[in-house]
1. Could you say which residue among A:211, A:262 is over 30 Å from residue B:42 (Cα atoms) and over 18 Å from the mean Cα position of the chain (by Cα)?
2. Within region B:214-231, work out how many residues are more than 14 Å from chain A (Cβ to nearest Cβ) and either in a helix (DSSP H, G or I) or at positive phi (or both).
3. Scan region A:25-61 for residues that are within 19 Å of residue A:108 (Cα to Cα), surrounded by fewer than 18 Cβ atoms within 10 Å (Cβ to Cβ) and away from chain B (no Cβ under 14 Å) and report the count.
4. Go through region A:62-81 residue by residue and tally those that are within 18 Å of residue A:32 (Cβ to Cβ) and crowded, with 23+ Cβ neighbours inside 10 Å.
5. Quick one: in region A:15-39, of everything that is within 20 Å of the chain's Cα centre (by Cα) and in a helix (DSSP H, G or I), which residue is nearest to residue A:144 (Cα to Cα)?
6. Report, by residue number, each residue of region A:195-208 that is more than 7 Å from chain B (Cβ to nearest Cβ), over 12 Å from residue A:164 (Cα atoms) and touching a helix residue (DSSP H, G or I) at 6+ places or on another chain (Cβ under 7 Å).
7. In region B:62-81, how many are facing chain A (nearest Cβ under 10 Å), part of a helix (DSSP H, G or I) and in contact (Cβ under 8 Å) with a residue 60 or more places away in the chain?
């Protein structure tokens, strides 16, 4: 039985999504889920104020009754509590797995930087919303149980990380950013114009010199612009990689969608749980 | 007679805006304007390909027949040519004034970093489009002629710079970024959600430790979100300044609007032209 605590470091989770995820695991003896009440708080843009979200995260992470912390939703806000969270995490937090993506990438980064737990980029509990969401949730649960079936298929013997592109752009150079030298860095994006994607690649490639290479996940739901950008996301990634001397390694099976595969951070998180 | 060359490092200028600016100065002997043909090229997202925009910028900057380079429009794209432009600028480029804002902030930054010319954040030629745009254009021309009537009113005896917030966030830590230690940094934004503004402040304040302080320009045309952010742009700026130890100095009279005042970069650019 893997005991999973769920909290929302950014935006709240809709109750019906939590219900749907709970229905999936009802009566099973491989996993148990605990949705922290904080997941459902609405406070302006956030699932509770900074102190409320920080307290819930620490309650989940520092409770030895749980084996894993699974993030409910992205949105925005994990960067506002990540630095404080790290300083207050204890041995119980260190023994856990952590799974999420999108805005929660700030937290994944900070955990990885400080060597806390077993960290991966992968589905959120709220991803049950997608067509085919049950399979997405099972992929997440499998990894939290120590399985490898949902891993991103291009992982090789080098350490890897994955991030939403905007999250990575806001992360680089900050106190939350781990040293990514020698890493394969995978990025994905959703709902951004291609000119903004180009600008984000300009920024992150300047900050990522020394990485082993970059893989491009899906750039989904690109809004219509008043004029075409003139090139596509592959050409954009290749262009900025070439300009900055970063090897472009091809595509990655990650994105803001049901097919989002799992990227454990570093080599440590690849090994199945003891 | 101040001879001003105009080019478009990002998006193209509409012909009728150029006509309106030319009509303003027709028959005058204080300024002459040369709109480079490149201003009107449409090539995907840009006013011409990177080589075309680069060549036009260099033709304007390196031609001793001109005293100033005025940017026609922002949009996106000056970061794609700024590094190459700097390496190819000559003594004639060094003797000029440069004026623009928004996306052209990447170029202003690179020019300032390399000590090329007299650089300021202020109206673009395309700002004729605003209600009251004639006054906006006259403010720009006055500065290009060596006047000080349009300067941002909070400038003090410390060096200052000004940037669009997104542009600054994409600039920090890159090869184009000048050392801003000891500077008053003014920022403005347009058409971004407040949660994105908050995220941008997280990023830039982490990169700007050591500056003299931050001033907040206008955060205009904030889109409606599905929920209120819960605070306003002043509280956002104050929060991130406090967290990063940067003095918050108050508001600045800059923005994506007709009232956008002029911020010369550094103390050198404050002195009227010889």
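Taken together, the values in this text are just the output of simple stated rules run on the coordinates, not laboratory data. Please read these numbers as outputs of a predicted model, since none were measured by experiment. Positions of Cβ are backbone-derived with ideal geometry, glycine not excepted, and every protein chain shown enters the neighbour counts.
1. Answer to the selection: A:211.
2. 1
3. 1
4. Result for region A:62-81: 6.
5. Top of the filtered list is A:21.
6. The answer is A:198, A:205.
7. The first filter runs over region B:62-81 and keeps only residues facing chain A (nearest Cβ under 10 Å), leaving B:75-77, B:79-80.
Narrowing further to those that are part of a helix (DSSP H, G or I): B:79-80.
Then keep just the ones that are in contact (Cβ under 8 Å) with a residue 60 or more places away in the chain; that gives B:79.
Total meeting the criteria: 1.
A quick yes/no check of all residues on (1) within 14 Å of chain B (Cβ to nearest Cβ); (2) on the phi > 0 side of the Ramachandran plot:
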{"site": "A:186", "(1), (2)": "no, no"}
{"site": "A:233", "(1), (2)": "yes, no"}
{"site": "A:245", "(1), (2)": "yes, yes"}
{"site": "A:256", "(1), (2)": "no, no"}
{"site": "A:268", "(1), (2)": "no, no"}
